[in-house]
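Bear in mind these aren't lab numbers, they're just calculated from the coordinates by the rules spelled out. In this text, all values refer to a predicted model and were calculated from it rather than measured experimentally. For neighbour counting, all protein chains shown are included, and Cβ atoms are generated from backbone atoms with ideal geometry for every residue, glycine included.
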Amino acid sequence: GGYNDCSDASLNVFGNGLSTITGTISAPAITVTNANINLTNLELTNGIRGLTIDMNNFAAEINLESVVTSFNAQGIRIDNNAASPGLSVNANNIKSHNNSAGSSGNGGGLSCSSTSSASTTIVVTGNSGFYDNVANVGGGIYLENCDMSMSRGQLNTNTEGIKNNSSTFLGGGV
């Protein structure tokens, strides 16, 4: 991402911002299934999910750099259906905001479910933030059998950290 159009991408000429990929009411902007991938400089918006990561007995590494998910039903959804292979998600300078999973969904900003404890690890660093999201459980972040760490030095803006999320049942933030 980060290109103004496909012509610039073919010439490797970067633009001034994020490339936008729009989902639909029934489809995410991007779906990753059983693959290693690096996603950079993207805005994923207006889908059932911004980003869906679906692993089924596949060890993978997903790297997100400067990715924004906004105005989706869920910002990022991770499903790891694996008995032992590990899934590692490394996210730097990501934002997940204004996503609404509604009164029956979990994790407006980020939802992670794994069938095996400790087989999914999420590391969030940099100027990352989960804010202004809504869900039934875990307005900002919902974790089920997933390990997550989030680190950042000083919070400089209202868009860093876990802020202003709400839920209809449990865990407004996490």
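Going by the alpha-carbon gyration tensor, a ≥ b ≥ c the square roots of its eigenvalues, is region 39-83 rounded (a/c under 1.5) or, if a/c is not under 1.5, prolate (a/b greater than b/c) versus oblate? Here region 39-83 falls in the oblate category.
Where only DSSP H runs of four or more residues are counted, the chain gives -1000 deg cm²/dmol as its mean residue ellipticity at 222 nm, each run worth -39500 (n - 2.57).
When all alpha-carbon pairs of the chain are counted, what percent fall beyond 21 Å? The calculated P(r) of the chain puts 45 percent of pairs beyond 21 Å. Dipole of region 1-147 computed with +1 at Lys/Arg Cβ and -1 at Asp/Glu Cβ about the Cα centre; of Thr24, Ser111, Asn136, farthest Cα towards the positive end is Asn136.
Take 137-144, 20-27, 162-169, 50-57 and order them by the average number of nearby Cβ atoms within 10 Å per residue, most first; the result is 137-144, 50-57, 162-169, 20-27.
The mean sequence separation of alpha-carbon pairs under 8 Å and at least six residues apart, normalised by the residue count of region 57-174, gives a relative contact order of 25 percent.
Computed over neighbours whose Cβ is under 13 Å from that of His97, the net charge equals -1, Lys and Arg +1, Asp and Glu -1. By the Cβ distance rule (another cysteine Cβ under 4.7 Å), the unpaired cysteines of the chain are Cys6. Computed over neighbours whose Cβ is under 11 Å from that of Ala35, the net charge equals -2, Lys and Arg +1, Asp and Glu -1.
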